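Rule-based calculations on the coordinates, nothing more; no lab input. Nothing here was measured: the structure is a model prediction, and the numbers come from that model. Cβ placement follows ideal geometry from the backbone for every residue including glycine, while neighbour counts extend to all protein chains displayed.
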Amino acid sequence: MKFLKCPCCGLDATNLGVRGVVYALMKEFPDLKVTSATRCEKYNKKKNGAIRSGHLPMWGPDGNECVAMDITLKKWTRERSRKLFYEAITNGAQGVGMYDNHIHIDVKSRRQLWRSKSGRLEYFF
C-alpha cells in the first residue's frame, strides 16, 4: 500500500502491529487518512522528525521496522478524538500523541500518551 511507503525512496518497513492498530481504526473511522508511516533518515530529517523516531526502521524484534504512523481525520470533533484515543489503545497502541494537524500512533514497548500544545509536549504518562 502506497501510504505505508517512504515518499522519498519507497521503503516500506512498517511493523505488522502498528498496521493492525491503524487498520482497526480505519474500520471505525472511514475518513481516517495515513499521512506518514515508514521514513528513511533523509525524509525524517526533512520532516524534522525525532532522531529515534518510531517512523524510522530501527525498531521491532530485528531492529529493522518502523512502529509508528501519523493519521488525520476529515471530520474532527472533541468526541471523535476521545473515541479515537480509546480505540487506538484498545487495539494495541502504546503511544498516542495528539498534534494540531495529526495524531501519532505507535506500538513501542512503553505506554505514552501526550498532546502538543503551542509547540510544547504535555505527557499524561
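Here is the size of the chain from its Cα atoms: Rg then Dmax, 13.5, 38 Å.
Largest mean-square fluctuation among Arg78, Arg52, Arg115, in a Gaussian network model of the chain whose springs join Cα atoms under 10 Å apart, belongs to Arg78.
Residues of region 71-92 with backbone nitrogen within less than 15 Å of a virtual label 7 Å along the Cα-to-Cβ line of Lys27, please, listed as ranges. Those under the cut-off are 87-92. Among Gly17, Gly63, Gly95, which one moves the most in a GNM of the chain with springs linking Cα atoms closer than 10 Å? It is Gly63.
Multiply the residue gap between Lys117 and Phe3 by 0.36 nm, knock off their C-alpha separation, and tell me the result in nm, one decimal place.
Values: separation 114, 0.36 × 114 = 41.04 nm, distance 2.71 nm.
Additional length available on full extension: 38.3 nm.
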